There are 2 protein chains.
Amino acid sequence: MALRFFSLIFFLFCSNSWAELIHFLPGQHKNVSFNQYSGYIVTDARHGRALFYYFVEADSNTDELKPLTLWLNGGPGCSSLGFGAFMEHGPFQPGEDGTLIKNEYSWNLESNMLYVESPIGVGFSYSNTSKNYLWNDTQTAQDNLMFILNWLEEFPQYKESDFFLAGESYAGHYIPQLAALLVEHNKKPNIEPVNLKAIALGNPLLDLDISVLAGDFLWSHGAISDETLFLEKTVCNDSKYLREYVHDKWSEGCNDVFNRVEDEVGVDVGLDDLLLPTCLSSSYAEQLKLKGKLGKIHSAVAKRAKKGDPCLEGRILTYLNRREVQKALHVSTTHHPSHWAFCEGPLVYQEDNLDMNLIPLVSDLIKEAIPVLLYNGDQDAKIPLTQTRIIANNIAKDLKLVPLTEYGTWYDNKQVGGWTKSFGATEDRKNYATYLTFATVRGAAHEVPFTSHSQALTLFHSFVNGIPLPRAPQN
Amino acid sequence: MALRFFSLIFFLFCSNSWAELIHFLPGQHKNVSFNQYSGYIVTDARHGRALFYYFVEADSNTDELKPLTLWLNGGPGCSSLGFGAFMEHGPFQPGEDGTLIKNEYSWNLESNMLYVESPIGVGFSYSNTSKNYLWNDTQTAQDNLMFILNWLEEFPQYKESDFFLAGESYAGHYIPQLAALLVEHNKKPNIEPVNLKAIALGNPLLDLDISVLAGDFLWSHGAISDETLFLEKTVCNDSKYLREYVHDKWSEGCNDVFNRVEDEVGVDVGLDDLLLPTCLSSSYAEQLKLKGKLGKIHSAVAKRAKKGDPCLEGRILTYLNRREVQKALHVSTTHHPSHWAFCEGPLVYQEDNLDMNLIPLVSDLIKEAIPVLLYNGDQDAKIPLTQTRIIANNIAKDLKLVPLTEYGTWYDNKQVGGWTKSFGATEDRKNYATYLTFATVRGAAHEVPFTSHSQALTLFHSFVNGIPLPRAPQN
């Protein structure tokens, strides 16, 4: 006990971490019923390394204890604040006039949400030592573990909470590795275990040999021609192409095929979402100018864009770069350059880590009885649903998991949210808990909640409550 | 000349055709700047066979002469009035309060539009002889030719107009066969030729061996599992299944596979459009009841449904069955039962006609210098875009057509409308006019203009003007 007391004193004196209540976010309306915090957690005091977080308390009018979920975006190098919190499932999104619009499908309706700018060099996170911007998967996982342990010291009331890890895209690398460290940590003697309950991976990069193969997907969505699909099948596929990229060994064959893919897909179609329109206005000023025919077109597009507003990203960039917003968020002006970006920080990531196969680690987590949710927006050509589904099936087969449900539709209220299949533990274990769930989200982008708020919340509700997705319309 | 005069007299006395101006459609607003007509054209006076048409004059404030386009829906047995005119590209659509909403992307902005309920037994068309409801492709084409020739006698001012044929789905059978008869007719001596300029086929059934193969499409859209795709590839595909259906020879293998497909796709997902929500209200009364949470859900769905309102079909059914609407449309109360349906008329179609391969006929039309547009909504699993594209490529290869553009995006104003490729005449002919265009429509259903009014109008504009689709954003 005395030792713990001294450790705490030591920690308080040697770190620059601080837990800070956000009093008011610029543009936020006044009657917000939950608290928000943001600031830095020092993960390495010696090098002055600090990860920025934005913490949103659960929005609940019951006494029921809500769990704690840590969210990470991918990249590597992209911001969980910009994507996860402000574009996807946080409580607010910047509107056209700069005010914050309440997201009625915010994930804090289900859980306390902890958004972390990770690793060092992403978003508002920083290091005092420039060499710390050379980073890789192993260091990321270790730093994230350190973040969790230190954050729980700042917010000890969550130490006993059910704890969930969730993320998307390259977080298919981050989350399983972090989960593995947590499982290991929990096995140590004389520690307070972190109650890791499950992990969720959205459109995740898990294995370069499978996850990124997009030829069939692009072909069947009309984005590449029969001839180009043939070249992808015979000359160079996405895995080969990306492997050449990460190992800096370019072949002419691959370059030719993928120049062709790029030409056919076109500059105005994003691989993130084959159906998303482009934003026709880059600033409010320009937008206000759109009168007459052009204004009419823009308005028609804005209507079509109900499934993902293509101009939201620009508004978030503007919002998070407003000085008063950064002040309200307790962004360090000493350690951090004032300009915030979605993905373009000083981080230099060890690129060949992209080539790691995370499937064995995900399997190991399932063996440790950690349930895994793999979900996938069905309009994403970066990590197509077909590939994540192949991985889910392979894992189930390798681990001899028992199918718990047939492949079929799941429901978000009264509409089909997508397709799903789930698997339980093997018969040997005499335990049919759901250990692996695969779910697609119908009409959704690479960033699922961006286009599909309501479906994403239903998915998240099932995830944190450990219950199956609804397989029939809800009354 | 005398002969023609007597023919005309004969025609007038022996037919029940009449050209009737629609004075006012119930719910229509008052300042409509174009005329609408509807009524019957007798195609066989002896059997009392009459096809119902709805004719919408071009909405144009220029003196420029607009062409004439005849539109046919598919089935076989579905209504061009319900689908084509009121759901897709006519000037009006029934709103929630029963009034007619102006369609700002109506195809009559580009052409005089002639919607025909064909063949006999469809929609408001009728026969006095019940045996006439046994019908097939050959008879359909002949009756449609008779319709055109007789209609032009009623509306002689269009005899010299540029004439286009367009339709979708099973009209992939109707239109090429009708076009072939027109080409033949035009070669006869001493006749007034019909100025057929080009044909357009949307999501067309052209060849059962190719058009309907949906396994890869459903798989890559998440709607069927890896295992079921495997079964489609090894046990029974859509072509085999439909061929068994049309020849009444059922195999257990095919039944098993397609029961499985049906289970996986799910009852609330339409093969017409994998992304379309279901309509949550079957009547206005029910809709008005939707308060509280349910009302909120419905409102969210209505917003999502900007690309296709799933409740529109129900409103059209109600509208076209209103007595005063049928009266305004000059529907025969003597010959036609008062109930109008989208597809469920007394027609009994020779089902093995589904198995006919129309590709050679389409090729023949191209050889006759009739340009062909094959377009396809990219969310349709009935006739997937991938299959229509294969057919377009096969035709181009067989006819040795020269590619005029690379496969790539086309634009509807400032947004990507879909992907396209076009082909011209062979080098031998020293003529590089566009003879074959393939185009997908991004986000569109089996009925393209239903979900994608603006894109469809751009496509139609290019079609009737014989100009390439825009390959860059428009200023």
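Summary of computed values
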item: Subset of segment A:34-66 (residues that are of a type outside the set (Gly, Ala, Ser), within 22 Å of A:Lys102 (Cβ to Cβ) and assigned to a loop (DSSP other than H, G, I, E, B)); result: A:Phe34, A:Asn35, A:Glu57, A:Asp59, A:Asn61, A:Thr62, A:Glu64, A:Lys66
item: B:Arg389 being under 19 Å from the mean Cα position of the chain (by Cα) and charged (D, E, K, R); result: yes
item: Count - residues of segment A:424-442 that are at pLDDT 95 or above and of a type outside the set (Ser, Thr, Tyr); result: 5
item: Filtered residues of segment B:127-169 (kept if touching a strand residue (DSSP E or B) at 6+ places or on another chain (Cβ under 9 Å) and over 26 Å from B:Arg46 (Cα atoms)); result: B:Tyr158, B:Ser161, B:Asp162, B:Phe163, B:Phe164, B:Leu165, B:Ala166, B:Gly167, B:Glu168, B:Ser169
item: Among (1) away from every other protein chain (no Cβ under 14 Å); (2) surrounded by fewer than 16 Cβ atoms within 10 Å (Cβ to Cβ); (3) free of Cβ contacts under 8 Å to residues at least 24 places away in the same chain, the one test that A:Asp263 misses; result: (1)
item: Given (1) within 14 Å of another protein chain (Cβ to nearest Cβ); (2) over 23 Å from the mean Cα position of the chain (by Cα); (3) touching a residue at least 12 places away in the same chain (Cβ under 8 Å), number of the condition A:Thr440 does not satisfy; result: (2)
item: Scan of segment A:238-284 for residues that are more than 24 Å from A:Lys307 (Cα to Cα), among the hydroxyl-bearing types (Ser, Thr, Tyr) and over 26 Å from the mean Cα position of the chain (by Cα), ordered by number; result: A:Ser251
item: Test: residue in segment B:381-390 that is away from every other protein chain (no Cβ under 14 Å) and at pLDDT 85 or above; result: yes
item: Residue satisfying condition, being in contact with a helix residue (DSSP H, G or I) (Cβ under 7 Å, 6 or more places away or on another chain), over 21 Å from B:His89 (Cα atoms) and outside the structural domain of B:Arg243 (by TED's automatic domain parsing), within set B:Leu320, B:Leu358, B:Leu312, B:Leu373; result: B:Leu358
item: Residue in segment A:310-339 that is nearest to A:Gly270 (Cα to Cα), counting only those that are assigned to a loop (DSSP other than H, G, I, E, B) and modelled with pLDDT of 90 or more; result: A:Pro310
item: Segment A:266-292, subset among the small types (Gly, Ala, Ser) and modelled with pLDDT under 55, residue surrounded by the most Cβ atoms within 10 Å (Cβ to Cβ); result: A:Ser283
item: Hits in segment B:193-209 - residues which are assigned to a loop (DSSP other than H, G, I, E, B) and closer than 25 Å to B:Met356 by Cα; result: B:Asn203, B:Pro204, B:Leu205, B:Leu206, B:Asp207, B:Leu208, B:Asp209
item: Listing of strands (runs of 3 or more DSSP E) fully contained in segment B:99-186 that carry 2 or more residues being farther than 15 Å from B:Phe55 by Cα; result: B:100-102, B:163-168
item: Residue within segment B:83-92 that is more than 23 Å from B:Tyr349 (Cβ to Cβ) and at pLDDT below 95 present; result: no
item: Enumeration of residues in segment A:89-133 that are among the hydrophobic types (A, V, I, L, M, F, W, C) and under 20 Å from A:Ala171 (Cβ atoms); result: A:Trp107, A:Met113, A:Leu114, A:Val116, A:Ile120, A:Val122, A:Phe124
item: Residue match in segment B:362-373 (condition: among the hydroxyl-bearing types (Ser, Thr, Tyr) and within 14 Å of another protein chain (Cβ to nearest Cβ)); result: no
item: Test for A:Ile224: is it under 25 Å from A:Ile395 (Cα atoms) and either surrounded by fewer than 18 Cβ atoms within 10 Å (Cβ to Cβ) or not hydroxyl-bearing (Ser, Thr, Tyr) (or both); result: no
item: Subset of segment A:210-223 (residues that are assigned to a loop (DSSP other than H, G, I, E, B) and either charged (D, E, K, R) or more than 14 Å from chain B (Cβ to nearest Cβ) (or both)); result: A:Ser211, A:Val212
item: Conditions (1) under 24 Å from A:Ser169 (Cα atoms); (2) under 26 Å from the mean Cα position of the chain (by Cα); (3) more than 10 Å from chain B (Cβ to nearest Cβ); number of the one not met by A:Ser454; result: (3)
item: Residue among A:Leu178, A:Leu165, A:Leu213 that is surrounded by 24 or more Cβ atoms within 10 Å (Cβ to Cβ) and under 20 Å from A:Gly377 (Cα atoms); result: A:Leu165
item: Criterion (within 14 Å of another protein chain (Cβ to nearest Cβ) and charged (D, E, K, R)) met by exactly one of B:Asp238, B:Asp226, B:Asp207, B:Asp248; result: B:Asp226
item: Residues of segment B:37-49 classified as surrounded by 14 or more Cβ atoms within 10 Å (Cβ to Cβ) and over 14 Å from B:Gln326 (Cα atoms), total; result: 8
item: Qualifying residue in segment B:47-66 (condition: at pLDDT below 95 and over 29 Å from B:Asn108 (Cα atoms)); result: yes
item: Looking only at segment B:232-253, and only at residues there that are of a type in the set (Asp, Glu) and loosely packed, with under 12 Cβ neighbours inside 10 Å, the one that is nearest to B:Met356 (Cα to Cα); result: B:Asp248
item: Subset of segment B:120-144 (residues that are more than 17 Å from the chain's Cα centre (by Cα) and closer than 16 Å to B:Ala179 by Cβ); result: B:Thr138, B:Gln142, B:Asp143
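Residues are listed down the side, and each one gets a yes or a no for (1) in contact with a helix residue (DSSP H, G or I) (Cβ under 8 Å, 6 or more places away or on another chain); (2) within 24 Å of A:Leu358 (Cβ to Cβ):
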site: A:Ala141; (1), (2): yes, yes
site: A:Asn144; (1), (2): yes, yes
site: A:Glu154; (1), (2): no, no
site: A:Leu181; (1), (2): yes, yes
site: A:Ile191; (1), (2): yes, no
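The values are calculated or read from the model by the stated rules, or taken from the named source; none is laboratory data. These numbers come from a predicted model, not from an experiment. With ideal geometry, Cβ positions are generated from the backbone for all residues, glycine too; neighbour counts draw on all protein chains shown.
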